[in-house]
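Single-structure report; data block below.
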Amino acid sequence: MKILSEFRSFFWLIVGIFMFNWFAMVVFPWLELGHLDPIQDENGTDILPWDTSGSAHAGERVYAADGCAYCHTQQVRPASSGADIIRGWGTARDADGKDVTRRTYPRDYIWQGQVFLGNSRNGADLSNVAARFTDAASLYRYLYNPYVLNPHSSMPAYRYMFVTQKISGQPSKDALQLPTPDAPPAGYEIVPTAQARSLVAYLLSLKKDYHLKPDEAGVPYVPPSATPNS
Amino acid sequence: MATLFPTNVAPRGFSSTDPELAAIDASVRWPVLACLLTAVHWMVVGTFLLVYASSLSHPQDTFPILGWFVDLSNNFSMFTYGRVWPAAVDALVYGWASTAGLGLAIWILARTSRSPAAAPGVLMTAVIFWNLGVAAGITGIFLGYSTGTELLEFPAFASWLLWISYALFALWAVATYLGRRPGRDHIAQAWILVALFAFPWLYGAGSILLGGRPLPGSGVIQELIDAWYVHGLYTLWLAPLGLGILYYLIPKISGLSIRFGSKTQIAFWTWILFAPWTAVHDLVGGPFPAETVTFGLIMSGLIFIPVVLIGMNLVSTAFKAEEQQGHHGGVVFPFLVLAAVLFVVAGISEQILSIRSANELLRFTMFRDCDTFLWVYGFFTFVAIGAIYYVVPRLLDFGWRSALLIKIHYYMSVYGILLVVAMLGFGGLMQGAVLENPDVQVTIVTADNVAISFHIAATMCISLIALGNGIFALHLGWMLIDWLRLRVRGNRLAAEILVEPFEPVPAKTSEEAAA
């Protein structure tokens, strides 16, 4: 077998092929995208994308440890590639009440410690989940019992992120308001743990309600009334 | 059917009739057996965890037991889908496939080096550390220390154990190869050596760059490195190991030389040039440089060249053996033939994903799980199981206990994997058709409802595979117990029911064929 007759040349040829693959696939994009800075908006008043809070960064760990990324993506492909824009996954409402509909860019992810683009959509895309769930209470309720929104949902319930405790004095501010089958017995309340709080803070930070490029007006616009959210 | 699984009841020697090969087998007996036994253990753990994880992905009223499973996953963080699924996949990839692959690689390298191996103690140490690493990693995932990065979930302390162990394996392998006795080299050596070079490169870059704290400012590059790692692990680690074993065993068992043998080298080089580019299948449409993705799709689109050449080598040799001998040469051969065919099927699945429009349709569906199954379960597992049925009797000088159990295992695995691939492949197509539907009224709930029936079917098929693997593990245990009875207590009865599953039946003479 001639292939191995000269071990040294065999070895260096393999190293060369691996190097080519490594440089072309990883190092070259890294040089291009590894040092992105935030940009200023047109008035020079804001830095985009928005930075995320400390508890949102803590939530990244919960998102990683409990494997949310095995069913949920966090990337919106352009209208030319797939139907993500039509599904409404690229839509978020900005502070002026105007809808921003766009794909995601590498710059959107620069503040995240760990990036979860995901490879499976057994669940919805979460790039703009904070546009669909605007307050923590509704997210807590959803994590506690996802079957309320879709009785055949394949999403697990995350009851272990909540504790049932006896109400002493004032009821807790974050206590879950649950419909009857899930409601705690009288005198008790269900409250989120620190894990659930940081996860929800992270999810509420996922919103691309700003423009990164001036030419984004060209992206097809889907009216929000026709945009299915869930 | 009688000729497909010939049995030979008379007790006889099982180690190689060539005294030189028998001496080499004896020199690596314990490390290889340790690898294979612990690998089978992880395979059983992995497939049963996979059944549990898969059953969580459909409504809880599907099966009566499911309500209990769902309660477990809702109330205990250890049993939530997002922890069990990666634990199952990692148990199969690192615990089962990599351990079995390392054991078989040692065995083939020792044999092709033509001299008894030195320092088996180094290998035993390596096996122990490797298994400790896998166990620590899987425990870490269950306890919530997962990094959340696909196939690199093991926490840093587990990665260190795997590192130490792998360094021992690799040093032994390179030393054995360089110290080989002069003679013709085997193409299997090239495949195994390229796998042994690729793994430290992949696992080093992956676990250093992504395993601990993510690199600040790296952003989407993390996911790029992960895609490179995951597909590199399939195409440069598992695939070359499996192909090395096939290139060694198929000619050995059938007694034929590889057909189209002049194509083996070009197949080798084109595979390592094009196959790792399948990583861009996970990047299409994402926030990555367009030129990287386009170039990668061109390179991975050329994967048909090595797949066709390797298919010509292996599948046609296997089919020719079947044609000449009128059967598959015992029970080892059906597993290996199927592995060679599933390699081509996995190549076709990568070829489909390298077409941009097909990729857009299938990108986020269960088709990707189908692809994973084809590499890890379909291709590699069939190679390893076939090889275990062949190798273990030679190492122990002792036969399998029951041809029936092997037959049951074979058919459960075959129907299981073919149905899983069909269900996930077709299900991915249906799910993709809904997810990419241009009608704005269609939602993720519609796609979920389409996907659920395929998830249920896949769970049932994975259960079939798991049961088959359980039977395999019990059979292996039974064999070991009887071997101990013979060796330790001198119980001759244990030697009475030896099954010879791998002996090729001599080719029919022309008179017999005419009759």
For chain A, the spread of Cα positions along each principal axis, largest first, Å = 80, 48, 34
Taking GluC sites (Glu not before Pro) that fall in a DSSP loop and have at most 16 other Cβ atoms within 10 Å as cut points, what is the longest piece of chain A between them?
-> A:43-230
Value of relative contact order over chain A, rounded to a whole percent, pairs C-alpha under 8 Å and six or more apart | 26 percent
So, counting K/R as plus one and D/E as minus one, what does the shell of residues with Cβ under 12 Å around B:Pro306 add up to?
-> 0
Once the other residues with Cβ under 14 Å from the Cβ of B:Val134 are scored (Lys, Arg +1; Asp, Glu -1), what is the net sum?
-> -2
Summing -39500 (n - 2.57) over every DSSP H run of at least 4 in the protein assembly as shown, dividing by its residue total and rounding to the nearest 500, the 222 nm mean residue ellipticity is -17500 deg cm²/dmol
Chain-alone versus full-assembly comparison, segment A:113-144, residues with accessible loss of at least 50 Å² (1.4 Å probe) = A:Gln114, A:Val115, A:Leu117, A:Asn119, A:Arg121, A:Asn122
If the chain between B:Ala22 and B:Arg181 were fully extended at 0.36 nm per residue, the gain over the current Cα-Cα distance would be 55.6 nm
What's the carbon and sulfur percent of segment B:58-116's accessible surface, probe 1.4 angstrom, rounded to a whole number?
-> 69 percent
Please name the residues of segment B:419-455 whose accessible area, counted over protein heavy atoms with a 1.4 angstrom probe, falls by no less than 50 Å² between the chain alone and the full protein assembly.
-> B:Leu435, B:Glu436, B:Val440, B:Ile444, B:Asp448
Looking at A:Val62, A:Pro151, B:Phe197, which one has the Cα that reaches farthest to the positive end of the dipole of the protein assembly as shown (charges on Cβ: Lys, Arg +1; Asp, Glu -1)?
-> B:Phe197
Can you work out the base-10 log of I(q)/I(0) for the protein assembly as shown at q = 0.06, 0.07 1/Å, using the Debye formula on its C-alpha atoms alone?
-> -0.38, -0.52
Where a Cα-Cα gap under 17 Å defines reach, which lysines qualify for A:Lys98, not counting those fewer than 8 residues away within the same chain?
-> A:Lys207, A:Lys208, A:Lys213
Given trypsin sites (Lys or Arg not before Pro), DSSP loops and at most 14 other Cβ atoms within 10 Å, the longest exposed-site-free stretch of chain B is B:185-507
Summed over the other residues with a beta carbon less than 9 angstrom from that of A:Tyr144, with K and R at +1 and D and E at -1, the charge totals +1
Rel. contact order, % - alpha carbon contacts under 8 angstrom, at least six apart, chain B = 20 percent
Label-point separation in nm, B:Phe76 to B:Arg114, each point 7 Å along Cα→Cβ = 5.7 nm
State in Å² the accessible area per residue of the protein assembly as shown; use a 1.4 Å probe, count heavy atoms of protein chains only, and round to the nearest integer.
-> 37 Å²
Amide H neighbours of A:Phe162 at under 5 Å, excluding residues fewer than 5 places away on the same chain, with H built from the backbone geometry, are A:Thr193
Out of segment B:393-442, which chymotrypsin sites (Phe, Trp or Tyr not before Pro) are coil in DSSP terms and have no more than 14 other C-beta atoms within 10 Å?
-> none
Output the direction-averaged projected area (hull surface divided by four) of the convex hull of the alpha-carbon atoms of segment B:302-433, in nm².
-> 9.0 nm²
Using the C-alpha gyration tensor of chain B, what are the square roots of 5 times its eigenvalues, in whole angstrom, with the largest one first?
-> 37, 26, 25
Kirkwood hydrodynamic radius of segment B:57-194, Cα pairs, Å | 17.2 Å
On the accessible surface of segment B:302-368, probed at 1.4 Å with all protein chains in place, carbon and sulfur together account for a percent value of 71 percent
Hydrodynamic radius of segment B:381-498 per Kirkwood, over alpha carbon pairs, in Å | 17.1 Å
May I ask you to derive the FRET efficiency for B:Ala156 and B:Ser262 from their Cβ-Cβ distance with R0 = 51 Å, giving the value to the nearest 0.05?
-> 0.65
Residues with amide H under 5 Å of B:Trp400's amide H, sequence separation 5 or more or different chain, H placed in the peptide plane at 1.01 Å from N; which?
-> B:Val499
Other chains' Cβ within 10 Å of A:69-75 residues: what's the mean?
-> 5
For helix B:382-396, report the angle its Cα long axis makes with the longest principal axis of the Cα atoms of chain B; keep it between 0 and 90° and round to the nearest 10°.
-> 30 degrees
Tell me, which residues of segment B:73-98 get at least 40 Å² less accessible area when the other protein chains come in, versus the chain alone (1.4 Å probe)?
-> B:Asn74, B:Thr80, B:Tyr81, B:Gly82, B:Arg83
Name the trypsin sites (Lys or Arg not before Pro) in segment A:32-139 that are in a loop by DSSP and that have at most 16 other C-beta atoms within 10 Å, would you?
-> A:Lys98
Share of pairwise Cα separations in segment A:143-214, more than 20 Å, in percent = 44 percent
Calculate the mean, over all residues of peptide B:278-290, of how many other protein chain Cβ atoms lie within 10 angstrom of the residue's Cβ.
-> 5
So who's got an amide H within less than 5 Å of the one on A:Val100, skipping anything under 5 residues away but keeping other chains? H placed 1.01 Å off N, in plane.
-> A:Ala92, A:Arg93, A:Asp94
Between B and A, accessible area buried - total, square angstrom, nearest 100, 1.4 angstrom probe | 7400 Å²
Please give the helix A:54-65 orientation as an angle from the longest Cα principal axis of chain A, in degrees from 0 to 90, rounded to the nearest 10.
-> 70 degrees
From phi via Karplus (6.51, -1.76, 1.60), per-residue ³J(HN,Hα) for segment A:176-193 in Hz, x at Gly/Pro = 6, 8, 10, x, 3, x, 8, 5, x, x, 4, x, 10, 9, 10, 10, x, 7
Under the Karplus relation with 6.51, -1.76 and 1.60 and θ = phi - 60°, whole-Hz ³J(HN,Hα) for segment B:448-455, x at Gly and Pro, equal 4, 5, 5, 5, 4, 5, 6, 5
Taking the radius of gyration and the Kirkwood hydrodynamic radius from Cα positions alone, what is the Rg/Rh ratio for segment B:135-226, to two decimal places?
-> 1.10
Just the number, please: carbon plus sulfur as a percent of the accessible area of segment A:47-170, 1.4 Å probe, no ligands or DNA/RNA counted.
-> 53 percent
Degrees, to the nearest 10: B:187-206 long Cα axis against longest axis of chain B = 30 degrees
Per DSSP, the loop-located chymotrypsin sites (Phe, Trp or Tyr not before Pro) within segment B:45-78 having at most 13 other beta carbons within 10 Å are B:Phe76
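The values are calculated or read from the model by the stated rules, or taken from the named source; none is laboratory data. Please read all numbers here as calculations on a predicted model, not as lab measurements. Cβ: placed from backbone, ideal geometry, glycine included. Neighbour counts: every protein chain shown. Note: accessible area is taken over every heavy atom of the protein model, side chains too, but ligands, DNA and RNA are not part of it. Shrake-Rupley method; radii C 1.70, N 1.55, O 1.52, S 1.80 Å.
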